[in-house]
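Student: Take this structure, written in structure tokens, and hold onto it; I'll ask about it next.
The values are calculated or read from the model by the stated rules, or taken from the named source; none is laboratory data. The structure presented is a predicted model; accordingly, all values stated were derived computationally and were not measured. Counting neighbours? That spans all protein chains shown, and the Cβs are built from the backbone with ideal geometry, glycine included. The accessibility values were calculated without ligands, DNA or RNA, using every heavy atom of the protein model including side chains. Shrake-Rupley method; radii C 1.70, N 1.55, O 1.52, S 1.80 Å.
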Amino acid sequence: MALQCLESAQISEKNSLDAGSVEEIDSLNPSFCISSAVSKSKNAGNLPKKNNSRYSTAVFAARKGVITSDCRGTGDYLPNGCRSIIDLPPALVSEILHCLDPKDLGVVCCVSTLLQNLASDHHRWKEFYCERWGLPLATAASPGSGLPGEKTWKDLFVERERRSKSFMGRFSIDTLRGHTEAVRAVCLLQSAKLVFTGGYDSVIRIWDMVEGLALAASQPLGCTIRAIAVDAELLVAGGTDAFIQCWKVIEGNPHLFNIAGSTMNQKFEFRLWGHHGPITCLGLDSARIYSGSWDMTVRVWDRINFKCIRTLSHGDWVWDLVPRGSTIASSAGRDVYIWDPSNGKLMDAIQNVHVGNTCALARSYLGDLLFTGGENGDIHMFELAKSNDDSEIKPCATWKPHENSVQSLAFEFPWLVSCSSDGRLALIDVRKLLKSAHSLGRKNSRVNQSSSINLEPPQRMLHGSGNGWFSVAIGADRIICGGEEGTLRLWDFSQALEIEERVHALRRIRLEHRMRRRRVQIEMNSKSGPTDQIPGALKKSQKNVNRNASWHVKRRDQKSRGFGN
């Protein structure tokens, strides 16, 4: 059967191409498909135009002709003795599957039972998940837990991808009250579903993200809190008095910080001094603490002995910083800098990013995508992929969703959320701007450069109370924002998918009832006499005709009477 499919494909190729283009026919060879996939992954973007049709034919053959034809035991052979892709060595099949993106890998799962087993359990799903969201929370359903109900990496990826669509659905809004003045800093600890906030009232507050309840509040720190960073072991806050307030987690109780103590316990609560101006931004990773200030420096602190180990000097006030992987991005004035914190070396610099200060930064989980927000209301996206050339980094996409300054950015794949002093939030989906480029060993995100020509519109705008917003954080299905009113606004999208499913179910039920009534009406008309089978629309048109005819008769009589007089 596979031989018949191959012959029909060859006949169609001969009808559409030259008789001498033998290379197009050879592209149906499975070995050619493999070599094309490998060469394409190694030399993505360097293929000449004349080979595009050859590569598309190879992909078509791999998806439609070779992969789907399971000829095991039929005796039919494809060229070079291969019957189908599943007859190749498992290691080679695994390498081929490694070159696919999530959509294509999901298509392969639908081809045959054997390929479904190979593709569903492929380690590529773990890479897809971790590249976008990092390691999942430690639950009984996570891979490697060894407990009943354990999910595969494919299941986790599909579920998380499905949940990401909830931000286009319906939502509920909660208002959290507790601060007495404007909220300047909002930080989300997703693993514990906790929200940490601070502002002009100099108090740090902890909230339950799900219930919206205030859990704890610190003693007043004596200055405005402008930045907060937190992970499972450490909570840090920075303010206008140039110190960093630190709380260690209580031993044996992860995510539990005793911030409400009346006296400072040096074992769990202490301060770091070193800056000479207000602290505007903070960041954490597994080994370091990062702090940025208006003294035009970023300081790197060791998390073991809590000493400043390095100072990164800038030429202007530092507005924001984001550490990812082995690099840290910082914004000072109009410029953005990429540093190696291990040696303090400046790796790259992007000059004049915005008209005015670059106030906000955000990065993807791997750090390959950088988002900037400026005083002019623009948002730029840059790709920080490693390259050998020293060419200038230019924005891959630009949005202008705000009229005033962009105060804060937060990113949770695929959504970028921004808040502004104009009182609005913008939701931007970056999936449409990304295209996958695979290699045998790793995957690099490549951005469609043509998208940088025009301004991209945001996918959704959320309107607040009308006053300005200062800080925003995004989780898997919630957005939290703080602003001038001293309140927190929480947009809850957790029920969006369920509501959409119920709406679709109701629509299906209404459609079924409508079709059922129509069938009953048709049956009743078929049982009635021929005079009763006139459609309602025809009867109505006949009535209109009769009415118009009587009107013309009356009009003619009136005219005749007038002429008679």
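Student: Take the Cα atoms of region 467-525, build their convex hull, and give its volume per residue in Å³.
Tutor: Values: hull volume 5.9 nm³, N = 59.
Per-residue hull volume (Cα only) is 99 Å³.
Student: Using 7 Å Cα-to-Cβ label points, what is the Val210/Lys432 separation (nm, one decimal)?
Tutor: 3.5
Student: How large, in percent, is the carbon and sulfur part of the accessible surface of region 292-377 at a probe radius of 1.4 Å?
Tutor: Answer for region 292-377: carbon and sulfur cover 49 percent of the accessible area.
Student: Compute the length gained on full extension between Ala349 and Arg177: take 0.36 nm times their separation in residues and subtract their Cα-Cα distance, giving the result in nm to one decimal.
Tutor: 57.8 nm
Student: Give me the accessible area of Glu211, 1.4 Å probe, in Å² rounded to the nearest 10.
Tutor: About 120 Å², ignoring ligands and nucleic acids.
Student: With bins 10 Å wide starting at 0, give me the P(r) of region 311-433 over every alpha carbon pair, in whole percents.
Tutor: Calculated over all Cα pairs of region 311-433, the distribution is 13, 48, 33, 6, 0 percent.
Student: Still on this structure, please answer the following. Taking the simple approach of a point 7 Å from Cα along Cα-to-Cβ for both Phe306 and Asp557, what is their distance in nm?
Tutor: It works out to 10.5 nm between the two label points.
Student: What's the FRET efficiency of Lys400 with Ser342 using the Cβ-Cβ distance as r and R₀ = 35 Å, to the nearest 0.05?
Tutor: Efficiency at R0 = 35 Å is approximately 0.45.
Student: If you take the beta carbon distance between Leu92 and Glu159 as r and set R0 to 25 Å, what does 1/(1 + (r/R0)^6) give as a FRET efficiency, to the nearest 0.05? Intermediate values should be presented prior to the final figure.
Tutor: Values: r = 30 Å, r/R0 = 1.21.
Result of the calculation: an efficiency of 0.25.
Student: R0 = 51 Å: FRET efficiency of Asn467 with Arg517, Cβ-based, nearest 0.05?
Tutor: With R0 = 51 Å, the Cβ-Cβ based efficiency is 0.45.
Student: Could you work out the local net charge near Ala214, counting Lys and Arg as +1, Asp and Glu as -1, over the other residues with Cβ closer than 11 Å to its Cβ?
Tutor: 0
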